[in-house]
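The values are calculated or read from the model by the stated rules, or taken from the named source; none is laboratory data. If you're wondering where the values come from, they're calculated on a predicted model, not measured in any experiment. So basically every Cβ, Gly included, is an ideal-geometry build from the backbone, and we count neighbours across all protein chains shown. Note: accessible area is taken over every heavy atom of the protein model, side chains too, but ligands, DNA and RNA are not part of it. Shrake-Rupley method; radii C 1.70, N 1.55, O 1.52, S 1.80 Å.
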Amino acid sequence: MLNQFVAPDLYPAAPEIFLLAMACVILFVDLLASQRRWITPFLSVASLVGAALLTVLTASEFSVLTFSNTYINDALSSFLKLLTYLSVATALIYGRGYLRERNLDKGEYYLLALFATLGMMVMISANHFLVMYLGIELLSLSLYAMVAMDRESVRATEAAMKYFVLGALASGLLLYGMSMVYGATGSLEISVVAQALEQGAVNKTVLVFGLVFLVSGIAFKLGVVPFHMWIPDVYHGAPTSVTLFIGSAPKLAGYALAIRFLVSGLLDLAVHWQTMLLILAVFSIVLGNLAAIAQTNIKRMLAYSTISHMGFMLLALTAGVQGGNTTLAFPAYITALYYVVAYVLMALASFGMIILLSRKGFEAEELEDFKGLNKRSPWFALMMLILMFSLAGIPFFIGFWAKFAVLTVVVASGKVAVAVFAVIMSLIGAFYYLRVVKCMYFDSPRDMTPIQAGADLRILLSINSLAVALLGVFPQKVIFLCQYVLVRTF
(Lines give C-alpha, C1' and ligand atoms only; values in the text may rest on other atoms or scores of the structure.)
Protein backbone atom coordinates (compact mmCIF):
# COMPACT_ATOMS: atom_id res chain seq x y z
CA MET A 1 0.00 0.00 0.00
CA LEU A 2 2.85 2.40 0.77
CA ASN A 3 4.27 1.85 -2.70
CA GLN A 4 0.98 3.09 -4.19
CA PHE A 5 1.14 6.43 -2.40
CA VAL A 6 2.08 9.33 -4.67
CA ALA A 7 3.13 12.51 -2.90
CA PRO A 8 1.13 15.49 -4.18
CA ASP A 9 2.83 18.35 -5.95
CA LEU A 10 2.80 21.13 -3.35
CA TYR A 11 4.17 23.80 -5.67
CA PRO A 12 0.80 24.92 -7.18
CA ALA A 13 -0.63 25.27 -3.64
CA ALA A 14 2.33 27.30 -2.33
CA PRO A 15 0.23 30.47 -1.73
CA GLU A 16 -2.25 28.59 0.47
CA ILE A 17 0.52 26.83 2.41
CA PHE A 18 2.36 30.13 2.91
CA LEU A 19 -0.73 31.98 4.12
CA LEU A 20 -1.62 29.18 6.55
CA ALA A 21 1.94 29.14 7.92
CA MET A 22 1.95 32.93 8.30
CA ALA A 23 -1.39 32.86 10.11
CA CYS A 24 0.12 30.45 12.64
CA VAL A 25 3.22 32.65 12.99
CA ILE A 26 1.09 35.78 13.47
CA LEU A 27 -0.91 33.96 16.15
CA PHE A 28 2.23 33.54 18.26
CA VAL A 29 3.68 36.95 17.43
CA ASP A 30 0.45 38.64 18.50
CA LEU A 31 0.55 36.74 21.77
CA LEU A 32 4.17 37.68 22.50
CA ALA A 33 4.00 41.28 21.27
CA SER A 34 0.59 42.21 22.66
CA GLN A 35 1.75 45.74 23.55
CA ARG A 36 2.81 46.55 19.99
CA ARG A 37 -0.51 46.64 18.20
CA TRP A 38 0.95 47.65 14.82
CA ILE A 39 2.83 44.37 14.34
CA THR A 40 -0.19 42.13 13.70
CA PRO A 41 -1.86 44.28 11.00
CA PHE A 42 1.53 44.90 9.37
CA LEU A 43 2.33 41.18 9.23
CA SER A 44 -1.18 40.42 7.98
CA VAL A 45 -0.88 42.77 5.01
CA ALA A 46 2.70 41.56 4.42
CA SER A 47 1.40 37.97 4.35
CA LEU A 48 -1.11 38.92 1.67
CA VAL A 49 1.65 40.57 -0.36
CA GLY A 50 3.78 37.43 0.01
CA ALA A 51 0.88 35.22 -1.07
CA ALA A 52 0.37 37.48 -4.10
CA LEU A 53 4.02 37.09 -5.10
CA LEU A 54 3.79 33.31 -4.75
CA THR A 55 0.57 33.29 -6.79
CA VAL A 56 2.34 35.15 -9.60
CA LEU A 57 5.35 32.81 -9.41
CA THR A 58 3.21 29.64 -9.43
CA ALA A 59 0.82 30.87 -12.13
CA SER A 60 0.60 28.47 -15.04
CA GLU A 61 -0.39 29.05 -18.64
CA PHE A 62 -2.24 25.75 -18.55
CA SER A 63 -4.42 24.14 -15.89
CA VAL A 64 -2.42 22.17 -13.32
CA LEU A 65 -4.07 19.56 -11.09
CA THR A 66 -2.68 18.23 -7.82
CA PHE A 67 -3.83 16.56 -4.58
CA SER A 68 -5.43 13.68 -6.53
CA ASN A 69 -7.07 16.12 -8.96
CA THR A 70 -8.97 17.91 -6.19
CA TYR A 71 -7.02 21.18 -6.56
CA ILE A 72 -6.65 23.20 -9.76
CA ASN A 73 -4.24 26.00 -10.57
CA ASP A 74 -5.34 27.87 -13.69
CA ALA A 75 -5.60 31.42 -15.02
CA LEU A 76 -8.97 32.02 -13.34
CA SER A 77 -7.75 30.91 -9.92
CA SER A 78 -4.61 33.08 -10.13
CA PHE A 79 -6.60 36.13 -11.25
CA LEU A 80 -9.29 35.79 -8.59
CA LYS A 81 -6.72 35.15 -5.85
CA LEU A 82 -4.79 38.29 -6.73
CA LEU A 83 -8.01 40.31 -6.62
CA THR A 84 -8.87 38.67 -3.29
CA TYR A 85 -5.52 39.65 -1.75
CA LEU A 86 -5.97 43.22 -2.99
CA SER A 87 -9.53 43.41 -1.62
CA VAL A 88 -8.64 41.95 1.78
CA ALA A 89 -5.55 44.14 2.19
CA THR A 90 -7.62 47.21 1.31
CA ALA A 91 -10.32 46.19 3.79
CA LEU A 92 -7.73 45.70 6.56
CA ILE A 93 -6.18 49.13 5.93
CA TYR A 94 -9.58 50.81 5.78
CA GLY A 95 -10.75 49.19 8.99
CA ARG A 96 -7.73 49.54 11.27
CA GLY A 97 -8.43 53.04 12.58
CA TYR A 98 -12.12 52.22 12.98
CA LEU A 99 -11.30 49.13 15.05
CA ARG A 100 -8.69 50.93 17.16
CA GLU A 101 -11.16 53.64 18.19
CA ARG A 102 -13.62 50.99 19.38
CA ASN A 103 -11.10 48.75 21.18
CA LEU A 104 -11.63 46.02 18.57
CA ASP A 105 -8.14 46.24 17.07
CA LYS A 106 -7.20 42.77 18.28
CA GLY A 107 -5.14 40.00 16.79
CA GLU A 108 -8.20 37.80 16.45
CA TYR A 109 -9.68 40.10 13.81
CA TYR A 110 -6.63 39.87 11.55
CA LEU A 111 -6.26 36.13 12.07
CA LEU A 112 -9.91 35.55 11.21
CA ALA A 113 -9.46 37.72 8.11
CA LEU A 114 -6.48 35.61 7.02
CA PHE A 115 -8.33 32.33 7.60
CA ALA A 116 -11.32 33.73 5.69
CA THR A 117 -8.93 34.60 2.86
CA LEU A 118 -7.55 31.06 2.96
CA GLY A 119 -11.10 29.74 2.69
CA MET A 120 -11.69 31.92 -0.37
CA MET A 121 -8.46 30.66 -1.93
CA VAL A 122 -9.55 27.05 -1.42
CA MET A 123 -12.94 27.82 -2.98
CA ILE A 124 -11.30 29.48 -5.97
CA SER A 125 -8.94 26.56 -6.65
CA ALA A 126 -11.27 23.66 -5.81
CA ASN A 127 -11.75 20.94 -8.43
CA HIS A 128 -13.80 18.74 -6.12
CA PHE A 129 -17.17 19.34 -4.50
CA LEU A 130 -15.99 18.48 -0.99
CA VAL A 131 -12.86 20.63 -1.26
CA MET A 132 -15.14 23.48 -2.34
CA TYR A 133 -17.29 22.78 0.71
CA LEU A 134 -14.25 22.91 3.01
CA GLY A 135 -13.35 26.31 1.59
CA ILE A 136 -16.91 27.56 2.06
CA GLU A 137 -16.99 26.44 5.68
CA LEU A 138 -13.58 27.93 6.49
CA LEU A 139 -14.75 31.25 5.05
CA SER A 140 -18.17 31.09 6.70
CA LEU A 141 -16.97 30.18 10.20
CA SER A 142 -14.42 32.99 10.09
CA LEU A 143 -17.10 35.49 9.02
CA TYR A 144 -19.50 34.37 11.77
CA ALA A 145 -16.85 35.13 14.38
CA MET A 146 -15.89 38.45 12.76
CA VAL A 147 -19.52 39.65 12.82
CA ALA A 148 -19.66 38.91 16.56
CA MET A 149 -16.31 40.61 17.31
CA ASP A 150 -17.97 43.41 19.25
CA ARG A 151 -19.23 41.30 22.14
CA GLU A 152 -20.79 44.30 23.89
CA SER A 153 -23.07 45.01 20.92
CA VAL A 154 -26.42 43.23 21.08
CA ARG A 155 -27.01 44.12 17.44
CA ALA A 156 -23.76 42.46 16.32
CA THR A 157 -24.42 39.32 18.39
CA GLU A 158 -27.93 39.01 16.99
CA ALA A 159 -26.63 39.47 13.43
CA ALA A 160 -23.96 36.80 13.96
CA MET A 161 -26.54 34.35 15.31
CA LYS A 162 -28.85 34.89 12.32
CA TYR A 163 -25.94 34.53 9.95
CA PHE A 164 -24.80 31.31 11.65
CA VAL A 165 -28.23 29.66 11.66
CA LEU A 166 -29.02 30.55 8.05
CA GLY A 167 -25.46 29.65 6.99
CA ALA A 168 -25.83 26.23 8.56
CA LEU A 169 -29.05 25.73 6.62
CA ALA A 170 -27.32 26.70 3.36
CA SER A 171 -24.43 24.33 4.12
CA GLY A 172 -26.93 21.53 4.61
CA LEU A 173 -28.53 22.32 1.25
CA LEU A 174 -25.14 22.24 -0.44
CA LEU A 175 -24.16 18.91 1.12
CA TYR A 176 -27.49 17.34 0.20
CA GLY A 177 -27.08 18.57 -3.35
CA MET A 178 -23.58 17.11 -3.48
CA SER A 179 -24.88 13.74 -2.28
CA MET A 180 -27.37 13.78 -5.17
CA VAL A 181 -24.56 14.56 -7.62
CA TYR A 182 -22.49 11.71 -6.21
CA GLY A 183 -25.44 9.33 -6.43
CA ALA A 184 -26.05 10.29 -10.07
CA THR A 185 -22.46 10.32 -11.33
CA GLY A 186 -20.44 8.23 -8.86
CA SER A 187 -17.92 11.03 -8.33
CA LEU A 188 -17.50 14.42 -6.69
CA GLU A 189 -14.54 15.51 -8.82
CA ILE A 190 -15.79 18.39 -10.96
CA SER A 191 -14.05 17.33 -14.18
CA VAL A 192 -15.24 13.70 -13.78
CA VAL A 193 -18.82 14.87 -13.21
CA ALA A 194 -18.62 16.94 -16.42
CA GLN A 195 -17.22 13.96 -18.33
CA ALA A 196 -19.97 11.66 -17.04
CA LEU A 197 -22.58 14.17 -18.19
CA GLU A 198 -21.06 14.38 -21.67
CA GLN A 199 -21.09 10.58 -22.01
CA GLY A 200 -24.69 10.36 -20.78
CA ALA A 201 -23.70 7.89 -18.06
CA VAL A 202 -25.79 9.60 -15.37
CA ASN A 203 -29.21 9.53 -13.80
CA LYS A 204 -30.40 12.97 -14.92
CA THR A 205 -33.50 12.96 -12.72
CA VAL A 206 -31.43 12.60 -9.57
CA LEU A 207 -28.85 15.06 -10.89
CA VAL A 208 -31.43 17.77 -11.61
CA PHE A 209 -32.88 17.21 -8.14
CA GLY A 210 -29.42 17.73 -6.64
CA LEU A 211 -28.90 20.76 -8.86
CA VAL A 212 -31.80 22.53 -7.13
CA PHE A 213 -30.02 22.22 -3.77
CA LEU A 214 -26.67 23.27 -5.22
CA VAL A 215 -28.17 26.41 -6.77
CA SER A 216 -29.88 27.16 -3.45
CA GLY A 217 -26.52 26.96 -1.65
CA ILE A 218 -24.84 29.19 -4.24
CA ALA A 219 -27.72 31.67 -3.99
CA PHE A 220 -27.26 31.93 -0.22
CA LYS A 221 -23.53 32.55 -0.47
CA LEU A 222 -24.16 35.31 -3.02
CA GLY A 223 -27.11 36.67 -1.01
CA VAL A 224 -29.80 36.65 -3.70
CA VAL A 225 -33.58 36.25 -3.32
CA PRO A 226 -35.05 34.19 -1.67
CA PHE A 227 -31.89 33.44 0.32
CA HIS A 228 -31.14 37.08 1.03
CA MET A 229 -32.58 37.37 4.56
CA TRP A 230 -29.19 37.53 6.27
CA ILE A 231 -27.73 40.31 4.13
CA PRO A 232 -29.48 43.44 5.57
CA ASP A 233 -29.24 42.30 9.20
CA VAL A 234 -25.59 41.24 8.98
CA TYR A 235 -24.50 44.33 7.05
CA HIS A 236 -26.32 46.56 9.55
CA GLY A 237 -25.42 44.68 12.73
CA ALA A 238 -21.74 43.98 12.10
CA PRO A 239 -19.04 46.59 12.78
CA THR A 240 -18.59 48.60 9.58
CA SER A 241 -15.07 47.24 9.01
CA VAL A 242 -16.52 43.71 9.04
CA THR A 243 -19.38 44.75 6.76
CA LEU A 244 -16.76 46.11 4.38
CA PHE A 245 -14.93 42.76 4.44
CA ILE A 246 -18.09 40.67 3.91
CA GLY A 247 -19.36 42.92 1.12
CA SER A 248 -16.23 42.74 -1.02
CA ALA A 249 -13.79 39.83 -1.38
CA PRO A 250 -16.26 36.95 -0.69
CA LYS A 251 -18.18 37.98 -3.84
CA LEU A 252 -15.14 36.94 -5.88
CA ALA A 253 -15.19 33.52 -4.21
CA GLY A 254 -18.95 33.36 -4.85
CA TYR A 255 -18.31 33.85 -8.56
CA ALA A 256 -15.73 31.03 -8.46
CA LEU A 257 -18.30 28.84 -6.69
CA ALA A 258 -20.85 29.38 -9.47
CA ILE A 259 -18.33 28.91 -12.29
CA ARG A 260 -16.72 25.76 -10.86
CA PHE A 261 -20.01 24.08 -9.97
CA LEU A 262 -22.27 25.13 -12.82
CA VAL A 263 -20.00 25.86 -15.77
CA SER A 264 -17.04 23.54 -15.23
CA GLY A 265 -19.08 20.66 -13.77
CA LEU A 266 -22.69 20.91 -14.90
CA LEU A 267 -22.63 22.84 -18.19
CA ASP A 268 -24.67 20.10 -19.91
CA LEU A 269 -27.50 20.94 -17.51
CA ALA A 270 -27.35 24.65 -18.38
CA VAL A 271 -30.95 24.66 -19.60
CA HIS A 272 -32.01 23.76 -16.05
CA TRP A 273 -29.72 25.93 -13.92
CA GLN A 274 -30.01 28.94 -16.21
CA THR A 275 -33.78 28.92 -15.69
CA MET A 276 -33.27 28.78 -11.93
CA LEU A 277 -30.71 31.59 -12.00
CA LEU A 278 -32.97 33.72 -14.20
CA ILE A 279 -35.77 33.53 -11.63
CA LEU A 280 -33.37 34.31 -8.79
CA ALA A 281 -31.84 37.22 -10.75
CA VAL A 282 -35.15 38.86 -11.66
CA PHE A 283 -36.55 38.69 -8.13
CA SER A 284 -33.23 39.90 -6.67
CA ILE A 285 -33.18 42.94 -8.96
CA VAL A 286 -36.79 43.75 -8.03
CA LEU A 287 -36.53 43.28 -4.28
CA GLY A 288 -33.06 44.79 -3.98
CA ASN A 289 -33.99 48.03 -5.72
CA LEU A 290 -37.46 48.48 -4.22
CA ALA A 291 -36.45 47.64 -0.65
CA ALA A 292 -33.41 49.94 -0.80
CA ILE A 293 -35.67 52.93 -1.53
CA ALA A 294 -37.30 52.60 1.89
CA GLN A 295 -33.99 52.56 3.83
CA THR A 296 -32.68 55.50 5.80
CA ASN A 297 -29.68 53.55 7.11
CA ILE A 298 -26.99 53.61 4.45
CA LYS A 299 -25.55 50.22 5.44
CA ARG A 300 -28.96 48.59 4.96
CA MET A 301 -29.39 50.53 1.73
CA LEU A 302 -26.11 49.19 0.40
CA ALA A 303 -27.09 45.72 1.61
CA TYR A 304 -30.24 45.70 -0.52
CA SER A 305 -28.19 47.25 -3.31
CA THR A 306 -25.85 44.25 -3.07
CA ILE A 307 -28.79 41.89 -3.62
CA SER A 308 -29.66 43.78 -6.79
CA HIS A 309 -26.07 43.78 -8.07
CA MET A 310 -25.66 40.06 -7.48
CA GLY A 311 -28.90 39.60 -9.42
CA PHE A 312 -27.28 41.42 -12.35
CA MET A 313 -24.24 39.15 -12.12
CA LEU A 314 -26.46 36.03 -12.21
CA LEU A 315 -28.34 37.55 -15.15
CA ALA A 316 -25.13 37.40 -17.18
CA LEU A 317 -24.68 33.71 -16.34
CA THR A 318 -28.15 32.95 -17.74
CA ALA A 319 -27.14 34.04 -21.25
CA GLY A 320 -24.37 31.49 -21.83
CA VAL A 321 -26.20 28.57 -23.45
CA GLN A 322 -29.27 28.95 -25.64
CA GLY A 323 -30.92 25.79 -26.99
CA GLY A 324 -27.66 23.86 -26.87
CA ASN A 325 -25.79 26.68 -28.62
CA THR A 326 -22.74 27.78 -26.62
CA THR A 327 -21.76 30.72 -28.85
CA LEU A 328 -22.49 33.22 -26.08
CA ALA A 329 -20.87 31.15 -23.32
CA PHE A 330 -17.57 33.03 -23.24
CA PRO A 331 -19.09 36.52 -23.56
CA ALA A 332 -21.59 35.71 -20.80
CA TYR A 333 -19.07 34.37 -18.30
CA ILE A 334 -16.57 37.11 -19.13
CA THR A 335 -19.31 39.69 -18.50
CA ALA A 336 -20.21 38.09 -15.15
CA LEU A 337 -16.55 38.20 -14.10
CA TYR A 338 -16.24 41.83 -15.18
CA TYR A 339 -19.38 42.71 -13.25
CA VAL A 340 -18.22 41.11 -9.99
CA VAL A 341 -14.78 42.78 -10.28
CA ALA A 342 -16.44 46.17 -10.83
CA TYR A 343 -18.83 45.63 -7.92
CA VAL A 344 -16.07 44.66 -5.47
CA LEU A 345 -14.12 47.79 -6.42
CA MET A 346 -17.20 49.98 -5.81
CA ALA A 347 -18.22 48.19 -2.59
CA LEU A 348 -14.77 48.64 -1.02
CA ALA A 349 -14.86 52.40 -1.55
CA SER A 350 -18.54 52.79 -0.57
CA PHE A 351 -18.13 51.16 2.83
CA GLY A 352 -14.76 52.86 3.14
CA MET A 353 -16.59 56.22 2.96
CA ILE A 354 -18.78 55.19 5.90
CA ILE A 355 -15.65 54.35 7.90
CA LEU A 356 -14.09 57.67 6.87
CA LEU A 357 -16.98 59.68 8.28
CA SER A 358 -17.30 57.59 11.45
CA ARG A 359 -15.36 58.46 14.58
CA LYS A 360 -15.07 57.33 18.17
CA GLY A 361 -18.55 57.22 19.66
CA PHE A 362 -20.22 57.99 16.33
CA GLU A 363 -21.27 55.73 13.46
CA ALA A 364 -21.95 57.49 10.13
CA GLU A 365 -24.66 54.99 9.20
CA GLU A 366 -27.68 57.19 8.52
CA LEU A 367 -28.36 59.17 5.37
CA GLU A 368 -28.58 62.28 7.53
CA ASP A 369 -24.93 61.82 8.47
CA PHE A 370 -23.98 62.58 4.85
CA LYS A 371 -25.87 65.88 4.79
CA GLY A 372 -23.69 68.82 3.80
CA LEU A 373 -20.60 66.67 3.23
CA ASN A 374 -19.61 69.00 0.39
CA LYS A 375 -19.21 71.83 2.91
CA ARG A 376 -17.15 69.67 5.27
CA SER A 377 -14.95 68.06 2.63
CA PRO A 378 -15.53 68.88 -1.07
CA TRP A 379 -12.96 66.28 -2.13
CA PHE A 380 -14.59 63.31 -0.39
CA ALA A 381 -18.04 64.54 -1.38
CA LEU A 382 -16.79 64.25 -4.97
CA MET A 383 -15.43 60.75 -4.28
CA MET A 384 -18.80 59.68 -2.85
CA LEU A 385 -20.57 61.21 -5.85
CA ILE A 386 -18.39 59.10 -8.17
CA LEU A 387 -19.26 55.96 -6.21
CA MET A 388 -23.00 56.61 -6.11
CA PHE A 389 -23.11 57.45 -9.84
CA SER A 390 -21.15 54.28 -10.62
CA LEU A 391 -23.36 52.04 -8.47
CA ALA A 392 -26.42 53.58 -10.12
CA GLY A 393 -25.01 52.78 -13.57
CA ILE A 394 -24.72 56.40 -14.70
CA PRO A 395 -22.24 57.02 -17.59
CA PHE A 396 -19.30 56.95 -17.67
CA PHE A 397 -18.09 55.03 -14.67
CA ILE A 398 -17.16 51.37 -14.32
CA GLY A 399 -20.61 50.51 -12.93
CA PHE A 400 -22.23 51.78 -16.13
CA TRP A 401 -20.07 49.62 -18.37
CA ALA A 402 -20.63 46.57 -16.13
CA LYS A 403 -24.42 46.92 -16.41
CA PHE A 404 -24.19 47.75 -20.11
CA ALA A 405 -22.14 44.60 -20.74
CA VAL A 406 -24.70 42.45 -18.90
CA LEU A 407 -27.63 43.97 -20.79
CA THR A 408 -25.80 43.54 -24.11
CA VAL A 409 -25.21 39.82 -23.59
CA VAL A 410 -28.76 39.29 -22.27
CA VAL A 411 -30.23 40.96 -25.39
CA ALA A 412 -27.92 38.87 -27.60
CA SER A 413 -29.30 35.73 -25.94
CA GLY A 414 -32.85 36.73 -26.97
CA LYS A 415 -34.09 37.83 -23.54
CA VAL A 416 -35.02 41.34 -24.66
CA ALA A 417 -37.95 41.65 -22.25
CA VAL A 418 -35.72 40.72 -19.31
CA ALA A 419 -33.15 43.32 -20.37
CA VAL A 420 -35.81 46.03 -20.64
CA PHE A 421 -37.15 45.07 -17.23
CA ALA A 422 -33.62 45.25 -15.75
CA VAL A 423 -33.15 48.75 -17.23
CA ILE A 424 -36.43 49.93 -15.71
CA MET A 425 -35.49 48.57 -12.28
CA SER A 426 -32.06 50.21 -12.56
CA LEU A 427 -33.73 53.55 -13.25
CA ILE A 428 -35.90 53.07 -10.17
CA GLY A 429 -32.82 52.06 -8.17
CA ALA A 430 -30.96 55.21 -9.24
CA PHE A 431 -33.26 57.13 -6.88
CA TYR A 432 -31.69 55.92 -3.66
CA TYR A 433 -28.15 56.49 -4.92
CA LEU A 434 -28.94 60.01 -6.09
CA ARG A 435 -30.62 60.69 -2.76
CA VAL A 436 -27.19 60.40 -1.12
CA VAL A 437 -25.78 62.91 -3.61
CA LYS A 438 -28.67 65.27 -2.84
CA CYS A 439 -27.93 65.02 0.90
CA MET A 440 -24.25 65.83 0.35
CA TYR A 441 -24.69 68.82 -1.95
CA PHE A 442 -28.09 70.36 -1.22
CA ASP A 443 -28.72 69.82 2.49
CA SER A 444 -27.21 71.65 5.42
CA PRO A 445 -24.71 69.68 7.53
CA ARG A 446 -25.81 68.38 10.92
CA ASP A 447 -22.39 69.26 12.34
CA MET A 448 -19.12 70.59 11.02
CA THR A 449 -16.84 68.19 12.90
CA PRO A 450 -13.61 67.74 10.89
CA ILE A 451 -12.99 64.33 9.34
CA GLN A 452 -10.56 62.58 11.67
CA ALA A 453 -9.39 59.65 9.52
CA GLY A 454 -5.71 58.87 9.08
CA ALA A 455 -3.66 59.69 6.00
CA ASP A 456 -3.47 56.03 4.90
CA LEU A 457 -7.28 55.76 4.78
CA ARG A 458 -7.67 59.11 3.00
CA ILE A 459 -5.07 58.30 0.32
CA LEU A 460 -6.19 54.73 -0.33
CA LEU A 461 -9.86 55.70 -0.43
CA SER A 462 -9.10 58.46 -2.92
CA ILE A 463 -7.17 56.03 -5.13
CA ASN A 464 -9.99 53.48 -4.86
CA SER A 465 -12.65 56.03 -5.83
CA LEU A 466 -10.62 57.50 -8.68
CA ALA A 467 -10.04 53.97 -10.02
CA VAL A 468 -13.83 53.61 -10.31
CA ALA A 469 -13.86 56.73 -12.49
CA LEU A 470 -10.73 55.97 -14.54
CA LEU A 471 -11.73 52.38 -15.28
CA GLY A 472 -15.01 53.80 -16.54
CA VAL A 473 -13.12 56.00 -18.99
CA PHE A 474 -10.91 53.06 -20.05
CA PRO A 475 -13.17 50.01 -19.56
CA GLN A 476 -11.44 47.90 -22.20
CA LYS A 477 -8.45 47.20 -19.95
CA VAL A 478 -10.41 45.22 -17.37
CA ILE A 479 -12.67 43.59 -19.98
CA PHE A 480 -9.68 42.35 -22.00
CA LEU A 481 -8.07 41.05 -18.81
CA CYS A 482 -11.23 39.10 -17.89
CA GLN A 483 -11.40 37.77 -21.46
CA TYR A 484 -7.75 36.67 -21.36
CA VAL A 485 -8.28 34.87 -18.05
CA LEU A 486 -11.34 32.88 -19.11
CA VAL A 487 -9.98 31.98 -22.55
CA ARG A 488 -6.90 30.57 -20.82
CA THR A 489 -9.05 28.69 -18.31
CA PHE A 490 -11.54 26.87 -20.56
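May I ask you to say which residue of Val282, Val242 is closer than 22 Å to Glu363 by Cα and either open to solvent by 10 Å² or more (accessible area, probe 1.4 Å) or in a helix (DSSP H, G or I) (or both)? I'd like the intermediate steps shown before the answer.
Numbers: Val282 fails: closer than 22 Å to Glu363 by Cα.
After ruling out the rest, the residue left standing is Val242.
Against the condition open to solvent by less than 20 Å² (accessible area, probe 1.4 Å) and either outside any helix (DSSP H, G or I) or modelled with pLDDT of 95 or more (or both), how does Ala430 come out, does it pass? Show your work before the answer.
Values: open to solvent by less than 20 Å² (accessible area, probe 1.4 Å): yes; either outside any helix (DSSP H, G or I) or modelled with pLDDT of 95 or more (or both): no.
Here the answer is no, as Ala430 does not meet what is asked.
Check segment 302-315 and report whether any residue there is more than 25 Å from Ile93 (Cβ to Cβ) and outside any helix (DSSP H, G or I).
Among the residues of segment 302-315, not one is more than 25 Å from Ile93 (Cβ to Cβ) and outside any helix (DSSP H, G or I), which makes the answer no.
Condition check ((1) over 24 Å from Ala75 (Cβ atoms); (2) of a type in the set (Asp, Glu); (3) touching a residue at least 12 places away in the same chain (Cβ under 8 Å)) across all residues:
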position: Met276; (1), (2), (3): yes, no, yes
position: Ala292; (1), (2), (3): yes, no, yes
position: Gln295; (1), (2), (3): yes, no, yes
position: Gly320; (1), (2), (3): no, no, yes
position: Thr327; (1), (2), (3): no, no, no
position: Leu345; (1), (2), (3): no, no, yes
position: Gly352; (1), (2), (3): yes, no, yes
position: Ile355; (1), (2), (3): yes, no, yes
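Hey, among Phe397, Phe370, Phe389, which residue is open to solvent by less than 20 Å² (accessible area, probe 1.4 Å), at pLDDT 90 or above and not aliphatic (A, V, I, L, M)?
Step by step, each of Phe397, Phe370, Phe389 is checked, and only Phe370 is open to solvent by less than 20 Å² (accessible area, probe 1.4 Å), at pLDDT 90 or above and not aliphatic (A, V, I, L, M).
Listed residues Ala347, Ala336, Ala364, Ala381; which is outside any helix (DSSP H, G or I) and open to solvent by less than 20 Å² (accessible area, probe 1.4 Å)? Break it down stepwise before answering.
Working: Ala347 fails: outside any helix (DSSP H, G or I); Ala336 fails: outside any helix (DSSP H, G or I); Ala381 fails: outside any helix (DSSP H, G or I).
Every option except Ala364 fails the conditions.
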